[in-house]
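Okay, so here's the structure we're looking at.
The values are calculated or read from the model by the stated rules, or taken from the named source; none is laboratory data. Here the structure is a predicted model, which is why all the values come from computation and not from measurement. Because the Cβ atoms are built from the backbone with ideal geometry, glycine has one as well, and the counts that use them run over all protein chains shown.
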Amino acid sequence: MVISIFAARQPAPARPLTLEQIRQRLYLALADCKDMSAQRAIYRINLAATPEELWLLRCDLHQCIARVHSESEATRRINDLRDAFEGWVPARQLTPI
């Protein structure tokens, strides 16, 4: 029995996004939010030193987006950010809200 080493190969795991790439995703989620709370959230995004710190800002972003749009739109946008944190945040925490 011959086993090919190519058949047994697993695809390489995707590299996690960089801190700056995650920041950009958060900025895009807030792009159409211009009030003072959005400006505070952007300031906190700028100060975050780790992806984990950015992950903890989800609630602030949700509130900003919900004020401008709706809670369902805020939830959709926050859930769309989950993949940006893969490899940085434990998978069990990446559940949708």
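Miscellaneous remarks
- Boolean, I45 is part of a helix (DSSP H, G or I), farther than 15 Å from R23 by Cβ and at pLDDT 95 or above: no
- When segment 64-78 is filtered for residues that are without any contact (Cβ under 8 Å) to a residue 40 or more places away in the chain and either loosely packed, with under 15 Cβ neighbours inside 10 Å or among the basic types (K, R) (or both), the ones remaining, listed by number, are R67, H69, S70, E71, S72, E73, R76.
- Qualifying positions in segment 69-86 - closer than 18 Å to L54 by Cα and in contact with a helix residue (DSSP H, G or I) (Cβ under 8 Å, 6 or more places away or on another chain): A74, T75, R77, I78, D80, L81, A84, F85
- Where a residue in segment 37-50 is among the aromatic types (F, W, Y) and its partner, wherever it lies, is loosely packed, with under 15 Cβ neighbours inside 10 Å, with Cβ under 7 Å and at least six apart: none
- Considered as a group, the residues in segment 46-56 that are farther than 12 Å from A84 by Cβ and of a type in the set (A, V, I, L, M) include one that is surrounded by the most Cβ atoms within 10 Å (Cβ to Cβ), and that residue is A48.
- Annotation: of all residues in segment 79-97 being farther than 19 Å from Q21 by Cβ and β-branched (V, I, T), the one that is surrounded by the fewest Cβ atoms within 10 Å (Cβ to Cβ) is T95.
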